[in-house]
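Trainee: Once you've had a glance at the structure underneath, I'll fire off some questions.
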């Protein structure tokens, strides 16, 4: 017997009250990395720029940094996970959702990192749950907007902009 839950995807849970826990701000993140984890200021700044204030990511990168991983090694490890998420969502170059991803990414980068969910539907002709379940984009039920899931995703996109943003040739 197979039991199917109606809440198997992020989109199906939008009517359930959600408590959003915000990321740490830069000051709090730097205090954590420098004073609590004892990472040097210059390294802490690079690590914060990579992952932002998401505490689980901060803990993970601090652990790796303290184990002697270089910043480039840490970035490569985290980018590998993000690439895999894009692959699962079929958003990498040549995959089914790549063009929709490019539209969303371009809008997010040019509009203060927010996109109303109705605009996402209109511009991509896709149901949002197909794109939201792979930890690339996040849905905020309070204001019905979509953003990048994390600073890490945004950093990955900026580092790989040639895959997602067409440049206009003059």
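The values are calculated or read from the model by the stated rules, or taken from the named source; none is laboratory data. Since this is a predicted model, take the numbers as computed values, not measurements. Neighbour counts run over all protein chains shown; Cβ positions are idealised from the backbone, glycine included.
Trainee: Mind listing whichever residues of region 19-45 are surrounded by fewer than 15 Cβ atoms within 10 Å (Cβ to Cβ) and in a helix (DSSP H, G or I)?
Mentor: Answer for region 19-45, where residues must be surrounded by fewer than 15 Cβ atoms within 10 Å (Cβ to Cβ) and in a helix (DSSP H, G or I): 26, 27, 28, 31, 35, 36, 41, 42.
Per-residue answers, yes or no, for (1) outside the structural domain of residue 154 (by TED's automatic domain parsing); (2) under 16 Å from residue 152 (Cα atoms); (3) free of Cβ contacts under 8 Å to residues at least 60 places away in the same chain; (4) touching a strand residue (DSSP E or B) at 6+ places or on another chain (Cβ under 7 Å):
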| residue | (1), (2), (3), (4) |
| --- | --- |
| 36 | yes, no, yes, no |
| 54 | yes, yes, no, no |
| 62 | yes, yes, yes, no |
| 77 | yes, yes, yes, no |
| 92 | no, no, no, no |
| 95 | no, no, yes, no |
| 100 | no, no, yes, no |
| 109 | no, yes, yes, no |
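Trainee: How about region 46-59: which of its residues are in a helix (DSSP H, G or I) and touching a helix residue (DSSP H, G or I) at 6+ places or on another chain (Cβ under 9 Å)?
Mentor: If the condition is that a residue be in a helix (DSSP H, G or I) and touching a helix residue (DSSP H, G or I) at 6+ places or on another chain (Cβ under 9 Å), then 46, 47, 48, 49, 50, 51, 55, 57, 58, 59 are the ones that fit.
Trainee: Give all pairs with beta carbons closer than 6 Å in which a residue from region 145-170 that is at pLDDT below 90 meets a residue that is surrounded by fewer than 18 Cβ atoms within 10 Å (Cβ to Cβ); count only pairs at least 6 apart in sequence or on separate chains.
Mentor: Close Cβ pairs (under 6 Å, with a partner that is surrounded by fewer than 18 Cβ atoms within 10 Å (Cβ to Cβ)) amount to 145/114; 145/116; 147/113; 147/114; 147/138; 163/93; 164/102; 165/106.
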